[in-house]
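Structure first, then comments.
The values are calculated or read from the model by the stated rules, or taken from the named source; none is laboratory data. Owing to the predicted nature of the structure, the values given are computational and were not obtained by experimental measurement. In this analysis, Cβ positions are derived from the backbone assuming ideal geometry, glycine residues included, and neighbour counts consider all displayed protein chains. Just so you know, the surface numbers come from the protein's heavy atoms only, side chains and all, with ligands and any DNA or RNA stripped out. Shrake-Rupley method; radii C 1.70, N 1.55, O 1.52, S 1.80 Å.
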Amino acid sequence: MNRSDFLAALRATLGPDGLSTDPSDLTHWGRDWTRSLAPDPLAVVWPRDTAEVAAVVRACAAAGTAIVPSGGRTGLAGGAVAAHGEVVLSLDRLRDIGPVDGLNRSVTVGAGVPNSVLQTALVPHGLWWPVDLASKGSATVGGNLATNAGGLRVLRYGHARNWVLGVQVVWASGEITQLGGALHKDNSGYALQQLLVGGEGTLGILTAATLALAPLPGPSEVALVGVRDLGAAVALFGALRQLPVVVNAFEALTDLCLEQVIAHTGMARPLQPCATYALFDVENPRGADLAEWLAGQAGLVQDAALATDRTQADKLWSYRERITESLQPRRPHKNDVSVPVSSMAGLAAEVAQWFATHRPGWQVALFGHVGDGNLHVNALAPSDLAQKDWRLACEQADQALYGLVAARGGSLSAEHGIGLLKKPYLSITRPAAELAAMRAVKRALDPGNLLNPGKIFDL
Ligand code: 2HG
Ligand code: ZN
């Protein structure tokens, strides 16, 4: 079948508004937030339900055309980029939200439900899905699961995979299978749904999921604290954990991040300038006096703002949540690494030292999830460096960074996934035998290499 017959057959299956080859759609739907990778898909399709997803998969399999499953495309590793004539299969129309089972604390939803829409629907039930991302307005449940999203509450709740009971999957063959269900306990054989979670759309296409839900968190207290460096932030985290509080999040950012947020948003500087800031969010059911505690941390705390109401708390959070959008105009080269929390301060010092020695003059924005041992390293492009030279200089810096991370038993992707961007480096922190097992799983479930080929690893 030639290309135009193939597209005509897909259009006949999906209806006239179910497929586009319009160049602006191809650009928009062919990429995620990774702006350094150019999109070049053949078409974008918007099936209405799981049966139509299966029909698209069968048609693509017959034509030998690869598929890139697509959620909210807020990923930062190129996992949803279609750069080689693939069909982008958007799950955008699969937006059903089933009845909430309050007793079982679960709900079944379509893959295309935006994270924030789900959260709003759960509020009247006093429940939420504890996957909390700065990108929640665009990110979808299907994308959250395919990438095993992390976010701002991993410290308390864990990644997306902790909050899924079952999934509906369309395999590369076009068959539809339910993996798991609404069971909180099910120890009967492999938990295959967990293989799909974090699979970046390479093993099957998630069309629906039964999610585990948590009670809405209680009121929280939020503070932004100026400290000497990331080591001091980590020490403050250790001290905070000694208090009888539940730590929802413990984050950090350097002053460069704060400067960029202030420049981008026009918000006022919240504290006197310090080299680094820690932000924490705690539930405090036993009423520990946090102001007094902060005052007692004189060796660590240089300045502090403790929110007294929700509006102030949200404002303090926005200095952290708005970093990514504020860095965007500076063509950031992104990294997302993790080490044990006990190695976090050492890693941050080594990273800063490496850049100061080998890339003097570069601005490197360090921020991340201290409580998870997760450091985001965003190198900002000098305005006088051509894109090609910038990329080369960054690739060399990446090698050095991953060497430091590997030496501390870390990972080169804590929460953003591997996609296309980190693929060349995966073997630095994953042993060859493990990669061989991953390839064997991929070959078994997708023998034709139809689903998101070239992501995570090449076969
Ligand atoms: C965050 O923690 C996200 O805000 C994005 O993981 C990190 O932009 C980044 O590098
Ligand atoms: Zn993050």
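Residue-by-condition table, conditions (1) without any contact (Cβ under 8 Å) to a residue 60 or more places away in the chain; (2) away from ligand 2 (no atom under 12 Å from the Cβ):
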{"site": "LEU347", "(1), (2)": "no, yes"}
{"site": "PHE367", "(1), (2)": "no, no"}
{"site": "LEU385", "(1), (2)": "yes, yes"}
{"site": "LEU392", "(1), (2)": "yes, yes"}
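Could you check region 83-95 and list, in sequence order, the residues that are open to solvent by less than 30 Å² (accessible area, probe 1.4 Å) and within 17 Å of LYS136 (Cβ to Cβ)?
Of everything in region 83-95, just one residue is open to solvent by less than 30 Å² (accessible area, probe 1.4 Å) and within 17 Å of LYS136 (Cβ to Cβ), namely LEU91.
Identify, please: which residue in region 1-58 is β-branched (Val, Ile, Thr) and assigned to a loop (DSSP other than H, G, I, E, B) and is, among those, least open to solvent (accessible area, probe 1.4 Å)? Quick ask: steps written out before the conclusion?
Our first condition is that a residue be β-branched (Val, Ile, Thr); within region 1-58, this holds for 13, 21, 27, 34, 44-45, 50, 53, 56-57.
Then keep just the ones that are assigned to a loop (DSSP other than H, G, I, E, B); that gives 21, 34.
Working: THR21: 59, THR34: 9 Å².
Top of the filtered list is THR34.
Could you go through region 420-443 and let me know if any residue there is farther than 27 Å from ALA63 by Cβ and within 16 Å of ligand 2 (Cβ to nearest atom).
Scanning region 420-443 turns up at least one residue that is farther than 27 Å from ALA63 by Cβ and within 16 Å of ligand 2 (Cβ to nearest atom).
Take the conditions out of contact with any strand residue (DSSP E or B) (no Cβ under 8 Å at 6 or more places or on another chain), at pLDDT below 95 and away from ligand 2 (no atom under 16 Å from the Cβ) and apply them to ASP446. Does it pass? Step through it out loud before you land on a result.
On the way: out of contact with any strand residue (DSSP E or B) (no Cβ under 8 Å at 6 or more places or on another chain): yes; at pLDDT below 95: no; away from ligand 2 (no atom under 16 Å from the Cβ): yes.
Spelling it out, it is not the case that ASP446 is out of contact with any strand residue (DSSP E or B) (no Cβ under 8 Å at 6 or more places or on another chain), at pLDDT below 95 and away from ligand 2 (no atom under 16 Å from the Cβ).
Among the numbered criteria (1) under 26 Å from MET438 (Cα atoms); (2) surrounded by fewer than 18 Cβ atoms within 10 Å (Cβ to Cβ), which one does ALA182 miss?
Every condition holds for ALA182 apart from (1).
How many residues does region 141-162 contain that are within 16 Å of ligand 2 (Cβ to nearest atom), closer than 20 Å to TRP33 by Cβ and open to solvent by less than 40 Å² (accessible area, probe 1.4 Å)?
The total comes to 9.
Can you find a residue in region 296-319 that is part of a loop (DSSP other than H, G, I, E, B), basic (Lys, Arg) and either within 25 Å of the chain's Cα centre (by Cα) or more than 30 Å from GLY126 (Cα to Cα) (or both)? Step through it out loud before you land on a result.
First pass over region 296-319, keeping only residues part of a loop (DSSP other than H, G, I, E, B): 296-302, 307-309.
Keeping just the survivors that are basic (Lys, Arg) gives none.
No: region 296-319 contains no residue that is part of a loop (DSSP other than H, G, I, E, B), basic (Lys, Arg) and either within 25 Å of the chain's Cα centre (by Cα) or more than 30 Å from GLY126 (Cα to Cα) (or both).
Residue by residue, here is whether (1) within 15 Å of ligand 1 (Cβ to nearest atom); (2) aliphatic (A, V, I, L, M); (3) loosely packed, with under 15 Cβ neighbours inside 10 Å holds:
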residue: GLY361; (1), (2), (3): no, no, yes
residue: ALA365; (1), (2), (3): yes, yes, no
residue: LEU380; (1), (2), (3): yes, yes, no
residue: ASP389; (1), (2), (3): no, no, yes
residue: GLN396; (1), (2), (3): no, no, yes
residue: SER411; (1), (2), (3): yes, no, no
residue: GLY417; (1), (2), (3): yes, no, no
residue: LEU421; (1), (2), (3): yes, yes, no
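Only residues in region 69-95 that are within 10 Å of GLY30 (Cβ to Cβ) count as the first member; pair them with residues that are surrounded by fewer than 24 Cβ atoms within 10 Å (Cβ to Cβ) and among the aromatic types (Phe, Trp, Tyr), Cβ under 8 angstrom, at least 6 apart or cross-chain, and list the lot.
Here the result reads ARG73/TRP33, each pair linking region 69-95 to a residue that is surrounded by fewer than 24 Cβ atoms within 10 Å (Cβ to Cβ) and among the aromatic types (Phe, Trp, Tyr).
Looking at (1) of a type outside the set (Ser, Thr, Tyr); (2) within 15 Å of ligand 2 (Cβ to nearest atom); (3) closer than 16 Å to ALA352 by Cα, find the lone condition where LEU412 falls short.
LEU412 satisfies every listed condition except (3).
Looking at this structure, is LEU404 away from ligand 1 (no atom under 14 Å from the Cβ) and in contact (Cβ under 8 Å) with a residue 12 or more places away in the chain?
Details: away from ligand 1 (no atom under 14 Å from the Cβ): yes; in contact (Cβ under 8 Å) with a residue 12 or more places away in the chain: yes.
Here the answer is yes, as LEU404 does meet what is asked.
Tell me which residues, restricted to region 295-329, are open to solvent by 70 Å² or more (accessible area, probe 1.4 Å) and within 14 Å of ligand 1 (Cβ to nearest atom).
Within region 295-329, the subset open to solvent by 70 Å² or more (accessible area, probe 1.4 Å) is 295, 298, 302, 308-312, 314-315, 322, 325, 328-329.
Within region 295-329, ARG322, GLU325, GLN328, PRO329 meet the criteria.
Looking for something of a type in the set (A, V, I, L, M, F, W, C) and within 25 Å of LEU412 (Cβ to Cβ) - is there at least one such residue anywhere in region 8-26? Before the answer, list the steps.
Just the residues of region 8-26 that are of a type in the set (A, V, I, L, M, F, W, C), to begin with: 8-10, 12, 14, 19, 26.
Of the ones still in play, those that are also within 25 Å of LEU412 (Cβ to Cβ) are none.
Scanning region 8-26, I find no residue that is of a type in the set (A, V, I, L, M, F, W, C) and within 25 Å of LEU412 (Cβ to Cβ), so the answer is no.
Anything in region 64-106 that is closer than 24 Å to ARG35 by Cα and assigned to a strand (DSSP E or B)? List them, or say none.
Matches in region 64-106: ILE67, VAL68, PRO69, SER70, VAL87, VAL88, LEU89, SER90.
Can you pull out the residues in region 96-140 that are within 16 Å of ligand 1 (Cβ to nearest atom) and either over 18 Å from the mean Cα position of the chain (by Cα) or open to solvent by 10 Å² or more (accessible area, probe 1.4 Å) (or both)?
SER116, ASP132, LEU133, ALA134, SER135, LYS136, GLY137, SER138
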